[in-house]
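See structure below.
The values are calculated or read from the model by the stated rules, or taken from the named source; none is laboratory data. Because the structure is predicted, anything quoted here is derived from the model rather than measured. So basically every Cβ, Gly included, is an ideal-geometry build from the backbone, and we count neighbours across all protein chains shown.
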């Protein structure tokens, strides 16, 4: 299989094949998440395979309208597994179920409603190749799609192996949208001492921050003066990232149905499995009130998992803001003299309607304590306005976190897996600032191939 260039008769599933349900989605919003791949930049370490899938050259997520053409491309870095046999998986998830790409026929074939039903696209040796186009599709119906590309080093037709390397891209098709790439780079932490500034970065997609070209600007808020301080540099991978203290704030209000709540719990439990020794988790369940069902302890501890599947409170109103502030305060009070990376994870399907604290209060407390807030929002496809997209987006962006929206609870596990990998795989960029004091905005620009990702974070030394 030389660079997949024998792929032929490329076809996307017809309307009839994909089932009528896929044509019914209306007014969907961008889902922005994709899996962050595990790769090493240290030549002394084994280099793992790096499969990559993209839509219109975007590795993270895109939004498009039905009139635009979406190109599906893949690439592969075999690493130290070159010429080793593996299962190759290339599939697309739709509201009608999953379709896998069959290499022998060059067509997409229906496999079933669950991702576990997909079949290998190919079985054979890993090889290196740059991006090639698998399919080009115009006229996709309004809806939400997930592109999945993976290799399993245990070639047995089963995706249950211990050595699976994968990548995912989300595609949202909605009326009136232009194709847009949503940046996947986050400034997790800013530290400064005597004018020397260090940024801790992560990415929610397959961007290799060790190879991408980085620029950093600072802009003073009071005068508007802006300086370019880092130009055409690469980030340095942090081989031993600080322990994470992650407070999970889980919405248990009455708007979550049983299926959505079960899928949220399954996704959170799978996220725990991606954390590392030393990482600690607190679980705060919120409804009309909030309960700390377990304070910070090892992520594998039985009370953590019990607090996720057996919450003390269910049904009622939504007290998200108060729960977040409690999580921030607990993370700070439980931090040791070893530098921790504190973070908040929020999962909700609505808006705060019960807290004593305001959105502005939450943002202020988060920024004061340098604690980013990551939010996963579940929108109701029949009425997406129930989800406070504007407020949740602002909360995530102004605190250094990320807001990710989905209409399908089936994607909770994928989204939370990407967030876990972004927290545990970090890079740093250091520079000297000419501004001795004063609030400033740090502007980060990352160019990865032809794609440019931007990110801003307000910082006061």
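Just to be sure before I move on: is residue 396 within 21 Å of residue 199 (Cβ to Cβ) and not in a strand (DSSP E or B) in the structure I sent?
Details: within 21 Å of residue 199 (Cβ to Cβ): yes; not in a strand (DSSP E or B): yes.
Taking the combined requirement at face value, the residue satisfies it.
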Being touching a helix residue (DSSP H, G or I) at 6+ places or on another chain (Cβ under 7 Å), assigned to a strand (DSSP E or B) and touching a residue at least 24 places away in the same chain (Cβ under 8 Å): is that true of residue 148 here? no
Single unsatisfied condition, residue 348 versus (1) surrounded by fewer than 19 Cβ atoms within 10 Å (Cβ to Cβ); (2) touching a helix residue (DSSP H, G or I) at 6+ places or on another chain (Cβ under 8 Å): (1)
Given the condition in contact with a helix residue (DSSP H, G or I) (Cβ under 9 Å, 6 or more places away or on another chain), crowded, with 17+ Cβ neighbours inside 10 Å and closer than 19 Å to residue 272 by Cα, answer yes or no: does some residue in the range 356-373 qualify? yes
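Condition first: touching a strand residue (DSSP E or B) at 6+ places or on another chain (Cβ under 7 Å) and touching a residue at least 60 places away in the same chain (Cβ under 8 Å). Can you find one or more residues in the range 379-389 that meet it? If you could, list the steps in order and put the result at the bottom.
Of the range 379-389, the ones touching a strand residue (DSSP E or B) at 6+ places or on another chain (Cβ under 7 Å) are 379, 387, 389.
Filter once more, so that each one left must be touching a residue at least 60 places away in the same chain (Cβ under 8 Å): 379, 389.
Yes; the residues of the range 379-389 include at least one that is touching a strand residue (DSSP E or B) at 6+ places or on another chain (Cβ under 7 Å) and touching a residue at least 60 places away in the same chain (Cβ under 8 Å).
For the range 114-142, how many residues meet the condition of being farther than 12 Å from residue 74 by Cα and either in contact (Cβ under 8 Å) with a residue 24 or more places away in the chain or surrounded by 15 or more Cβ atoms within 10 Å (Cβ to Cβ) (or both)?
Just the residues of the range 114-142 that are farther than 12 Å from residue 74 by Cα, to begin with: 114-127, 136-142.
Subset that is either in contact (Cβ under 8 Å) with a residue 24 or more places away in the chain or surrounded by 15 or more Cβ atoms within 10 Å (Cβ to Cβ) (or both): 115-116, 118-127, 136-142.
The number of residues fulfilling the criteria is 19.
Yes or no, residue by residue, for (1) in contact with a helix residue (DSSP H, G or I) (Cβ under 6 Å, 6 or more places away or on another chain); (2) surrounded by fewer than 18 Cβ atoms within 10 Å (Cβ to Cβ):
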residue	(1), (2)
220	no, yes
228	no, yes
231	no, yes
246	no, no
259	no, yes
268	yes, no
281	yes, no
Check residue 318 against each of (1) touching a helix residue (DSSP H, G or I) at 6+ places or on another chain (Cβ under 9 Å); (2) under 28 Å from residue 359 (Cβ atoms); (3) crowded, with 17+ Cβ neighbours inside 10 Å; (4) at pLDDT below 95 and name the one condition it does not meet. (1)
Among the candidates 233, 240, which residue alone is more than 23 Å from the chain's Cα centre (by Cα) and at pLDDT below 85? 233
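Considering the range 263-300 alone, what residues qualify as being free of Cβ contacts under 8 Å to residues at least 24 places away in the same chain and under 20 Å from the mean Cα position of the chain (by Cα)?
Within the range 263-300, the first condition is being free of Cβ contacts under 8 Å to residues at least 24 places away in the same chain, and the residues that meet it are 273, 277, 291, 293-294, 297-298.
Of everything in the range 263-300, just one residue is free of Cβ contacts under 8 Å to residues at least 24 places away in the same chain and under 20 Å from the mean Cα position of the chain (by Cα), namely 273.
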Check 353, 357 and return the single one that is out of contact with any strand residue (DSSP E or B) (no Cβ under 6 Å at 6 or more places or on another chain), assigned by TED's automatic domain parsing to the domain that holds residue 282, without any contact (Cβ under 8 Å) to a residue 60 or more places away in the chain and within 22 Å of residue 256 (Cα to Cα). 353
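Picking from 173, 185, 169, which residue would you name as being within 17 Å of the chain's Cα centre (by Cα) and modelled with pLDDT under 75? Reasoning before the result, please.
On the way: 173 fails: within 17 Å of the chain's Cα centre (by Cα); 169 fails: modelled with pLDDT under 75.
Exactly one of 173, 185, 169 is within 17 Å of the chain's Cα centre (by Cα) and modelled with pLDDT under 75, namely 185.
With 216, 197 as the choices, which residue is in contact with a strand residue (DSSP E or B) (Cβ under 9 Å, 6 or more places away or on another chain), crowded, with 19+ Cβ neighbours inside 10 Å, modelled with pLDDT of 85 or more and farther than 21 Å from residue 366 by Cβ? Walk me through it before giving the result.
Numbers: 197 fails: farther than 21 Å from residue 366 by Cβ.
Result: 216 is the single residue among 216, 197 that is in contact with a strand residue (DSSP E or B) (Cβ under 9 Å, 6 or more places away or on another chain), crowded, with 19+ Cβ neighbours inside 10 Å, modelled with pLDDT of 85 or more and farther than 21 Å from residue 366 by Cβ.
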Check whether at least one residue in the range 402-415 is more than 17 Å from the chain's Cα centre (by Cα) and either in the same structural domain as residue 353 (by TED's automatic domain parsing) or over 23 Å from residue 145 (Cα atoms) (or both), and report yes or no. no
May I ask you to verify whether residue 390 is assigned by TED's automatic domain parsing to the domain that holds residue 261, outside any loop (DSSP other than H, G, I, E, B) and surrounded by 15 or more Cβ atoms within 10 Å (Cβ to Cβ)? no
Looking at the range 262-376, what helices (runs of 4 or more DSSP H) fall wholly within it and have at least 1 residues that are under 23 Å from residue 407 (Cα atoms)? 302-309, 320-334
Answer yes or no as to whether residue 305 is surrounded by 15 or more Cβ atoms within 10 Å (Cβ to Cβ), over 28 Å from residue 385 (Cα atoms) and out of contact with any strand residue (DSSP E or B) (no Cβ under 7 Å at 6 or more places or on another chain). yes
The conditions are (1) assigned by TED's automatic domain parsing to the domain that holds residue 270; (2) part of a loop (DSSP other than H, G, I, E, B), and residue 438 fails exactly one of them. Which is it? (1)
